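What follows is a single structure, written as structure tokens, with notes after it.
The values are calculated or read from the model by the stated rules, or taken from the named source; none is laboratory data. Since we're looking at a predicted model, the values are computed, not measured. Heavy atoms of the whole protein, side chains included, go into the accessibility calculation; ligands, DNA and RNA do not. Shrake-Rupley method; radii C 1.70, N 1.55, O 1.52, S 1.80 Å.
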Amino acid sequence: ALLVVDDILDSGRSIAQVVEHLSRQKPAWLRTCVFLDKPSRRAVSIKADYVGFEVPDVWLIGYGLDLGGEGRALPYVGAVEEGVRGEAVHLT
């Protein structure tokens, strides 16, 4: 049994390649889990089995996500306002 966990599902290219590679190993069970899902950015046809939150097409920082190294350690996920580098607002 395999559970692939990722922070954010954006274009879907990376997780699709991982799932394809692991599927060739013929696991008894293979599922995907993402913290954040941006379906509007999808470039390949893939959908996570388990999703924490669906988010809009904005740049997100916090909980390990960053913008140029900034914001990674924020204790929340924030959206960076367009044209304002490094300033974030809480997502609701």
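Phi angles across the stretch 29-35 convert, under the Karplus curve 6.51 cos²θ - 1.76 cosθ + 1.60 with θ = phi - 60°, into 3J(HN,Hα) values of 7, 9, 10, 10, 9, 10, 6 Hz, Gly and Pro given as x.
For the chain, the spread of Cα positions along the three principal axes, ordered from largest to smallest, is 46, 24, 24 Å.
How much length, in nm to one decimal, is gained on full extension between Ala1 and Cys33, taken as 0.36 nm per residue of separation minus their Cα-Cα distance?
10.2 nm
Tyr63 sits with roughly 140 Å² accessible to a 1.4 Å probe, with DNA, RNA and ligands left out of the calculation.
Computed extension length for Leu22-Ser40: 3.9 nm, one decimal, from 0.36 nm per residue of separation with the Cα-Cα distance subtracted.
Please report the carbon-and-sulfur percent of the accessible area for the stretch 1-86; probe 1.4 Å, protein heavy atoms only, DNA, RNA and ligands left out.
That fraction is 52 percent.
A simple rule links phi to the HN-Hα coupling: the Karplus curve 6.51 cos²θ - 1.76 cosθ + 1.60 with θ = phi - 60°, which for the stretch 15-20 gives 5, 5, 5, 5, 4, 4 Hz, with x for Gly and Pro. Remark on Glu54: its backbone amide H falls under 5 Å from those of Asp37, a criterion applied only to residues 5 or more positions apart or on other chains, H modelled at 1.01 Å from N. Computed from backbone phi, the HN-Hα couplings of the stretch 51-60 come to 10, x, 9, 8, 10, x, 7, 9, 6, 10 Hz, rounded to whole numbers (Karplus: 6.51 cos²θ - 1.76 cosθ + 1.60, θ = phi - 60°; Gly and Pro given as x).
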